[in-house]
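In what follows, a single structure is set out as structure tokens and then discussed.
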Amino acid sequence: MSEYISVIFCRRCGSRYVEITHWENGNPVAVCRTCSYKMELGGFTLGRCAVTRKELEIARNTSAKRNEFEK
């Protein structure tokens, strides 16, 4: 079964407890509830997608590396 989700991970501590708390200058501001890191997400938009629970688990256990990305 698919679920609609939006996921943001903290780049500093890797936490999945990140929220969009408010908007500044027309951009969303993400705040990590674990380490309190805060950043304005300029140049991006937020959306949602349908994923299976297995895909969500894989995404949760994968983190981006500096200057690397998955194809």
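Brief remarks follow.
- Test: Arg12 is of a type in the set (Lys, Arg) and at pLDDT 85 or above: yes
- Contacts under 8 angstrom Cβ, first residue in region 36-65 being of a type in the set (Gly, Ala, Ser) and outside any helix (DSSP H, G or I), partner loosely packed, with under 11 Cβ neighbours inside 10 Å and at pLDDT below 80, 6 or more apart: Gly47/Ser6; Ala50/Tyr4
- Residue, modelled with the lowest pLDDT, within region 51-71, restricted to residues that are under 16 Å from Phe9 (Cα atoms) and hydrophobic (A, V, I, L, M, F, W, C): Phe69
- Failed item in (1) at pLDDT 85 or above; (2) on the phi < 0 side of the Ramachandran plot, with Thr45 passing the rest: (1)
- Members of region 25-34 found to be surrounded by 12 or more Cβ atoms within 10 Å (Cβ to Cβ) and either in a strand (DSSP E or B) or not β-branched (Val, Ile, Thr) (or both), listed by number: Asn27, Pro28, Val29, Ala30, Val31, Cys32, Arg33
- Pairs linking a residue in region 6-25 that is within 14 Å of Ser36 (Cβ to Cβ) and free of Cβ contacts under 8 Å to residues at least 24 places away in the same chain to a residue that is of a type outside the set (Lys, Arg) and outside any loop (DSSP other than H, G, I, E, B), with Cβ atoms under 6 Å and 6 or more positions apart or on different chains, are Ser15/Cys32; Val18/Ala30; Val18/Cys32; Glu19/Val31; Thr21/Val29; Thr21/Val31.
The values are calculated or read from the model by the stated rules, or taken from the named source; none is laboratory data. What you see is a predicted model; the values in this text were computed from it and never measured. Note: ideal-geometry Cβ built from the backbone for every residue, glycine included; neighbour counts use all protein chains shown.
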